[in-house]
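The structure under discussion appears below in the form of structure tokens.
Derivation of every value follows stated rules applied to the coordinates shown; laboratory data play no part. A quick note: this is a predicted structure, and the numbers were derived from the prediction, not measured. Cβ coordinates were reconstructed from backbone atoms using ideal geometry, including for glycine residues, and neighbour counts include every protein chain displayed.
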Amino acid sequence: LGAAAQLSGTVGKTFSILVIMVEASGSISFSFPLMVIVSVTKYVENFFVMPIYETQMLMMGLPFLPSKPPPLSENIPTSRVMSNPPLVTFPLRPTVITVVTILQRCKHQGFPVIEKDKDDKDMLLGLILRQQLLVLLKHQAYKYPSPQTFKQMSECLALYLRESRKHLKIEKIEVDPLYYDVEIDLTPYYDPYPYVVQETMPLTKSYDLFRSLGLRHMIVVDEENVVVAMVTRKDLAKYHTWVSMCRMGVKEMRIR
């Protein structure tokens, strides 16, 4: 019973520890006292400290998202946690030098694709990933017409899936300066249906959406569908809510 209490209090698990200890003891008669022990241990642990695994992840600065959104965040809008400007975006037909410069300047993994409207506002069209742009540069897609048929699109998808596993880097891709001013049509390549939230959406809803779908990027727009910012896992994991001994507070973590 003491071993079960120590193990349950360390890792913060209840049912799994109960099953392991019942199997280890070889007697089902220990199930009830073990159930009481791990339940009380879990309650006492939550009152004083966090489980050791969560503590280690916080100390290492890993962007870990708990299963539930931070308490008392129902009235906090998503705009409070989104990435700070300036936001890096791509037009629908950027030049080769524009793509190369942006990829060299920043390490973002996803970029909104925008188009200017008559009022010069950045209207959202979709999302394109960094690896997609690197594949286009490596295979010199700017030299050839954009794929139009279903067969051509399927070949492009197969090429991207094959090349994206290689984790391409912009430093290892050579681009002929003669093609710097050539435009790349991103129409066949970007995702026209990314996950988008309004900047006024409560943080609890955007948090649940982000975590339940396992997203890496979530675009924030205003009521006119103008791109405002991006929300990433680091943005949501940066603010850690701690609860200990009937006290609660929010601490800003240093995320790697």
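Quick rundown of the values:
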| quantity | calculated |
| --- | --- |
| Given charges at Cβ of Lys, Arg, Asp, Glu: the range 112-165 dipole, positive-most of 113, 129, 157 | 157 |
| Residue among 91, 69, 147 with the largest mean-square fluctuation in a Gaussian network model of the chain, springs linking Cα atoms under 10 Å | 147 |
| Nitroxide proxy distance, nm - points 7 Å out along Cα→Cβ at residue 167 and residue 213 | 2.7 |
| 5 angstrom amide H check on residue 114, placed H, neighbours 5+ away | 90, 92, 125 |
| Kyte-Doolittle mean at least 1.0 and Cα axial length at least 24 Å: DSSP H helices in the chain | 31-48 |
| Global form of the range 37-166, assessed from the alpha-carbon gyration tensor, a/c cut-off 1.5 | prolate |
| Within the chain, percent of DSSP bridges classed antiparallel, to nearest 5 | 80 |
| Largest-first principal axis extents of the Cα set of the chain (Å) | 76, 41, 32 |
| Sorted by Cβ density within 10 Å, fewest first, the residues 32, 210 | 32, 210 |
| Members of 166/205; 143/172; 116/205; 116/166; 118/234 lying beyond 26 Å, as alpha-carbon distances in this model show | 166/205; 116/205; 116/166; 118/234 |
| Fully extended contour minus Cα-Cα distance, from residue 154 to residue 25, at 0.36 nm per residue | 40.8 nm |
| Check: the range 81-133 dipole with +1 on Lys, Arg Cβ and -1 on Asp, Glu Cβ, in debye | 240 |
| Hypothetical label at residue 104: residues of the range 164-208 whose amide nitrogen lies under 19 Å (7 Å Cα-Cβ projection) | 168-184 |
| Gyration tensor verdict on the range 1-60 (Cα atoms; rounded if a/c is under 1.5, prolate if a/b is larger than b/c, oblate otherwise) | prolate |
| FRET E, pair residue 62, residue 187, Förster distance 30 Å, beta-carbon r, rounded to 0.05 | 0.20 |
| Relative exposure of 59, 50, judged by other C-beta atoms within 10 Å (fewest first) | 59, 50 |
| Which of 106, 156 has the fewest Cβ neighbours within 10 Å, and the rest in rising order | 106, 156 |
| Helix-only mean residue ellipticity at 222 nm for the chain, each DSSP H run of n ≥ 4 adding -39500 (n - 2.57), per residue, nearest 500 | -11500 deg cm²/dmol |
| Under 15 Å, Cβ to Cβ, from residue 125 - net charge with Lys/Arg +1 and Asp/Glu -1 | -3 |
